[in-house]
Structure formats: structure tokens, C-alpha cells
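No lab work stands behind these numbers, since they all come straight from the coordinates. Please read these numbers as outputs of a predicted model, since none were measured by experiment. When we count neighbours, we look across all protein chains shown, and the Cβ atoms used for this are built from the backbone with ideal geometry, even at glycine.
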Amino acid sequence: MMEEEIRLTLGILPSGASLLLLTFTQVKQLCSYWRYSLPLPNEALQSSVFESLSPIEFDDIDSLAAKLRSLAPKSRGDRRDTSRDNKGFCQLVDLQEGSKRGVFENVRLLRQLATKRIPPPPSTPGLGNTIHEPYAQFSVPQNLDKTLLPRIQVAAFAYTLWSVGMGSLDLLDVAWARAEGGMHDLRASRDGGGEQVDFGWNSYKNQSGLIKKTFPRSRVQAQKDPDFGPWLFRKLLGFQMSNYASSSTNYSSSIPDGMS
């Protein structure tokens, strides 16, 4: 059992394939311990080639070994990535797969930044030009905790579609909620007590004679299909305008640590 978890970097390529990465600092530590020669600078992978860079933790040797086995190539003579984790991505024609995985990993990264699982830079005066390595490891702007993170808002939107035959779908119900404290507190916002969720449904519809139950603490009821579009538009518009209400901020980028 490790005394503490190992945190490495998961890189998602445009193809959707993933790589397990070490920072150059970690490479130097390993080479020093095993008395290996350092790799050449041009052998390092730059952060710009990835859709996302996010943390991946291992609690013990077995979990790390299992991940390494899943990334090991199955065929040495094949130039494609034949590993268990990435083989499927080499056969895809959807070039958006890497973007989708990258968005997911970037949101997960923001969550860890907001909850300070990735520690923020120290607030000590005079350290403004110091590179904060926990942020640099994932190519995160050094001032993100003071600029973007406090302004992020999170909303949840869910809906249920009902098949009415011949491949046609109809809207059965829809729900919307806003997070209490952005990325830091994902519970539904509270207004005068309990959790507040806007919920609407088509009350005239039923399936096999079943009557749809009323959602707890519902504020929007009996929404008909024709009203749903304007209702959702108002929700999205209000959410967007509340984001624009805060003052604009200039963002600076960090100097990323080389990835090997």
C-alpha cells in the first residue's frame, strides 16, 4: 500500500485516445532515482496537442499497474494504438470524439479546482511570478481561482421523451435547477427553504392509464408542449444574462510544464 496516492496526468488526444503522462519534473525525479539519462527536450509532448489534461489518481500499486496494462499495445508490429483502452478510437471516423471526452475531463478538472482538491496558488504577496506547479501540471491559468472559478454557474436540465409510435417522440416532462454555489456546491439552489426545482409536464398525457406523480416542491405545473420552447428559452436567457452581469475579466495563461 502506498503511503499516499500518486497523481498523474490523463491526456485526451483529438482522436479520443488517452495517454498517461508525467510532467518533466516527475521524469527528472524518476531518472534521478533509477540513474537513467534524461530524455531530450524535443521528446516531450506539449500541452497544446491535447484536448484536455486532467488528474488521475492511484491509491495503490495494483491500480496503477492495471492502468498501465490497459494502455500497453497488443501488437508490436502495428503502428496504430492497439491497446485495450485506445484500440476503439483508432477505428472511429467521428473526429468529435476527442472533443467530447476533452469537455468531460475539463469539467471534472474544474470541479477539483473549485473544491480545492487541486490546491490553489498561495496568496502570499510578492509571489505573483511564481509558477504554481499543481496548476501548471494541467496547464491551468495561474490566476484561475480568482478570475474564472468564482464566476462559474451550473444548471441541471433533464427531460423525458415518450414514444408515440412510428418513431415519433413527444415531450413528457422537463426539469431545471441551478446549483447553490457554482462548481463548489452542486446542490440545487435554495429559496426560502427546500431545494428549488422548476418542473413541468404534460398533464393530459398518460401511459397505460398511469397518472404521473407530482414532483416535490414543484413551481411550474401543467406545461404544454407549445409552451415548453418559450419556457426553456427564458430559462437559458436568464441564466446567460446572470453570467454576463458580472464584470468582465482578462485572463492570462500559465506557462505549461512539459509533458512526457
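Data for the structure
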{"read-out": "Full-stretch length increase - LEU38, ILE131 - with 0.36 nm per residue and alpha-carbon distance subtracted", "value": "31.3 nm"}
{"read-out": "Modelled label reach - VAL49, point 7 Å along Cα→Cβ, segment 1-38 residues with backbone N closer than 11 Å", "value": "13-14"}
{"read-out": "Part-to-part distance (alpha-carbon centres) for segment 20-40 and segment 161-183, which is given in Å", "value": "49 Å"}
{"read-out": "Value of Rg to Rh for segment 1-84 (Rh from inverse mean 1/r over Cα pairs, i.e. Kirkwood)", "value": "0.97"}
{"read-out": "Sorted by Cβ density within 10 Å, fewest first, the residues ILE131, ILE56", "value": "ILE131, ILE56"}
{"read-out": "ASP78 paired with ARG108, simple spin-label distance in nm, labels 7 Å along Cα-to-beta-carbon", "value": "2.4 nm"}
{"read-out": "Cut-off under 5 Å, modelled amide H: who pairs with ILE118 long-range", "value": "LEU113"}
{"read-out": "Full-stretch length increase - SER99, ILE61 - with 0.36 nm per residue and alpha-carbon distance subtracted", "value": "10.6 nm"}
{"read-out": "Percent of Cα pairs exceeding the 14 Å cut-off, where the set is segment 42-114", "value": "73 percent"}
{"read-out": "Label point distance in nm, ARG187-THR160, each placed 7 Å from Cα along Cα→Cβ", "value": "2.6 nm"}
{"read-out": "Nitroxide proxy distance, nm - points 7 Å out along Cα→Cβ at LEU237 and GLN196", "value": "1.9 nm"}
{"read-out": "Residue-span extension gain [ARG117 to LEU30] - 0.36 nm each, minus C-alpha spacing", "value": "28.9 nm"}
{"read-out": "Burial ordering of SER48, SER70, SER139, fewest other beta-carbon atoms within 10 Å first", "value": "SER48, SER70, SER139"}
